[in-house]
Every structure is written in C-alpha cells, then in structure tokens.
Amino acid sequence: MEDGRLCQWSVFRSLLAIVQWWGFNVTVIIMNKWIFQKLDFKFPLSVSCVHFISSSIGAYMVIKVLKLKPLIVVDPEDRWKRIFPMSFVFCVNIVLGNVSLRYIPVSFMQTIKSFTPATTVVLQWLVWRKYFDWRIWASLVPIVGGILLTSITELSFNMFGFCAALFGCLATSTKTILAESLLHGYKFDSINTVYYMAPFATLILGVPAMLLEGNGVIEWFQTHPSPWPALIIIFSSGVLAFCLNFSIFYVIHSTTAVTFNVAGNLKVAVAVLISWMIFKNPISGLNAVGCGITLVGCTFYGYVRHMLSQQPPGTPRTPRTPKNRMEQLLPLVNNNDKLDDKSLTSPSQPLHLDKHQSQPHCHFVRRRRSPLTFKPKHQNGSISNPKSQDLDSH
C-alpha cells in the first residue's frame, strides 16, 4: 500500500515537473514573439540582455539569499579559462534564438531547433573525430528530411531568420560538446550554470547591444503609445526566462532521460500549436507533416541513444572498437577530448575482452616487463592470469 502511494506520488511529481516546464518554456517563447511582433520592440540584443540580467539576479537570490541550492565553488582561474568560453557560446545561442524569433514564425523556429541532435553528431564526427553507431546516423535521416520538407513548404520563410535559427543549433551543439571538456570535474546544475554564465553573458552582450540598438530603443520609448506597460512585459519575460532554467533543473531531477526526451519533443508540438492559435501564421499541410516527421525523428534519436547507453561494457559502442593491433596503440579520442570514465579499466576491475579482439577494449601504454615480474606460460601459450598483465591505462 505504501509502495503504491510512493509510486503514485512519483508519477504525479513527474507530470507536475513536465507541465510547469512546458508552461514556462512556451510562455517565454510566446512572450518574446509578442514583444517583437505586437509591441514592435525589434531589438533582440536588448531583449537577450534583459534575460541575462534577470537570470543573474534570480540565480543570486536562489543560491545566496534563499539558499535553495548550494553553490558549486569554482576556482577564479577556471572562471576565465572554462566558464568564460562557455558563457560566450551560451550568449551567442540565446541571441541567435531571439534573432530568429524576430524574423520567422515560432512554428518554423521550433522545428529548426529540433535539428540540434544532427548538428551535435556531425560536429563531433568532423571536429572531434568521434565515431558513431550506424543506428545513430539512421535516426538522423527523418530529422534532416523533416527539416528539409518544413523549410521548402514554409509560407513565411525568411532567409536571415532561417540562418539565425540554424546557427543557433550549431551554437547549442557547441555548448553541449564544450561542456563535456571545459566543465570536467564540476557537476553543474542549471541554477549554478546560470549563476556563473549569465553575468559573463551580460558583460559580453551589453556593449554591442548599446552600440547597435541603443538609439533605436530610445526612439521606440519616445514614440510608443504606451511604453511603460510594454516595458513591464519585456522585463517579465526576463523573469520567466530565469524561472524556465529553474524548471529545467526540477524536471531533470524528477524524470528519466527517456521521459525528458519525449516530453521535450511534445513541448515543441505544444509551442507550435499555441503559437499558431495566437499569431495565426499560415501553415500548409506539408509543412505540418514535415514538423511531425522531425519530432518523430528526434524521439527515435533519443531512444537510440538511450538503448546504446544501456548496453553492457563489453558491447562495441561509440567511439568504435579498434579493428587491428596497430590501431589499439592510438588514442580513441583527441587529446582535448574528455575520456569517458566508463571506457577506462581500473586495476581492481577485470578487463573486458571482445570476442573478436585479443587485447582489452581500451587504450593502454605497454611497459617493458621486468624479469622479476615475468609470468610463466601454459603449454598453449596463454598467460596464466589476465589480471597480471603489466599495463597502465592512459
């Protein structure tokens, strides 16, 4: 009886986390589009600055004042070497998203943002030389096909907005990949991430926003029929943008990876539907089909990644298994890449061998064995104990 109640509470908490995440995400997107289109505040850099300032204040209040989250301490040197580059990419990502909303409909922008898994895989393959299972590449086919169909049939197509959204996907992928290497050793949650990155992003974007949009903002304030209510809406969008980060933290800790992936794709569908109901942007039948194919492809991609991550350690996964003895002496990733802890074998663990391999499935540096550590061989030539091989993991 008590287990049933705990299960019901867990399901209820997951649903609550997903609904509030959907609510904040869709509201921020709709409000930003409303600011650009209905309030005629066509200054995406300034809107992004408002979001960064609000997020900086909100994260400070949550961590320092309310103490709802413990602060993850970062060395001052790491703040500039690790956090600052991440903040720059984070800033570019947010700005490009707002720029795309300025020129294209929400439905088209959200569909293009679903292209992020494909850009992430391609970047890791081209730049970081990471190899992926064929099922990963197969799952990208419906995503790319859906994006192409949606772009061709988009009735409100704008090349500048399309490019901004596409480069926004690249920025999101770059941020995800860099986080694995630059933030290695720090277990950041969404609140601590905003706490450190939002102030840097404000400094990065503040000067360009004043130089490029300062005069336009002043002119808008002087000519707008009701500027103060409009400013309240603009600053409210910044507050909701911070609440969105807090809701992401809550939903990640309340759901599984598969649930989060499926909920994220359904969120896109909800945002597209609500934006169409509010802004009445024309959507053709083929355009809707392309959007649906893209979302199904994203769900399939998440499922494939989850299934591959659940495979036992001895199963060949990405990065791929070395095919020959010479290749085993080369590193599986670049020197700047983060090694997956699961791919290293500690001295206290047995070495997992693939049936097609005669060497361990990881990278080792072989040392010359001292005569004192020499182990006699059996008659069939095999070493008496695999654990006694004198190998150091790289």
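The values are calculated or read from the model by the stated rules, or taken from the named source; none is laboratory data. Keep in mind it's a predicted model, so treat the numbers as computed, not measured. Quick reminder, even Gly has a Cβ in these numbers, built from the backbone with ideal geometry, and neighbours come from all protein chains shown. Accessible surface areas use protein heavy atoms only, side chains included; no ligands, DNA or RNA. Shrake-Rupley method; radii C 1.70, N 1.55, O 1.52, S 1.80 Å.
Quick notes on this structure:
- Subset of the range 109-138 [part of a loop (DSSP other than H, G, I, E, B) and not hydroxyl-bearing (S, T, Y)]: F115, V127, W128, R129, K130, F132, D133
- Out of V141, V122, V127, sole residue that is touching a Gly at 6+ places or on another chain (Cβ under 9 Å) and either aromatic (F, W, Y) or over 26 Å from V26 (Cβ atoms) (or both): V141
- Residues in the range 297-319 that are at pLDDT 50 or above and closer than 17 Å to L140 by Cα: G297, C298, T299, F300, Y301, G302, Y303, V304, R305, H306, M307, L308.
Residues are listed down the side, and each one gets a yes or a no for (1) over 19 Å from the mean Cα position of the chain (by Cα); (2) open to solvent by less than 30 Å² (accessible area, probe 1.4 Å):
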| position | (1), (2) |
| --- | --- |
| R79 | yes, no |
| N93 | no, yes |
| G97 | no, yes |
| S100 | no, yes |
| V106 | yes, yes |
| L126 | no, no |
| K130 | no, no |
| P142 | yes, no |
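- From A59, A17, residue being touching a His at 6+ places or on another chain (Cβ under 9 Å), in a helix (DSSP H, G or I) and crowded, with 22+ Cβ neighbours inside 10 Å: A17
- Qualifying residue in the range 98-115 (condition: hydroxyl-bearing (S, T, Y) and more than 24 Å from S284 (Cβ to Cβ)): no
- Checking each residue in the range 243-260 for being among the hydroxyl-bearing types (S, T, Y) and open to solvent by 40 Å² or more (accessible area, probe 1.4 Å) picks out Y250, T256, T259.
- Filter result for the condition that a residue is modelled with pLDDT under 50, open to solvent by less than 30 Å² (accessible area, probe 1.4 Å) and farther than 15 Å from P117 by Cβ, over P322, P331: P322
- Some residue of the range 162-180 being open to solvent by less than 60 Å² (accessible area, probe 1.4 Å), in contact with a Cys (Cβ under 8 Å, 6 or more places away or on another chain) and of a type in the set (V, I, T): no
- Of the residues making up the range 263-288, those that are surrounded by fewer than 18 Cβ atoms within 10 Å (Cβ to Cβ) and either small (G, A, S) or touching a Gly at 6+ places or on another chain (Cβ under 8 Å) (or both) are A269, S284, G285, A288.
- When residues of the range 62-77 are limited to those that are in a helix (DSSP H, G or I) and of a type outside the set (D, E, K, R), the one most open to solvent (accessible area, probe 1.4 Å): P76
- Restricting the range 181-190 to residues that are closer than 21 Å to P117 by Cβ and either at pLDDT 80 or above or surrounded by fewer than 17 Cβ atoms within 10 Å (Cβ to Cβ) (or both) leaves a set whose member that is nearest to the chain's Cα centre (by Cα) is S190.
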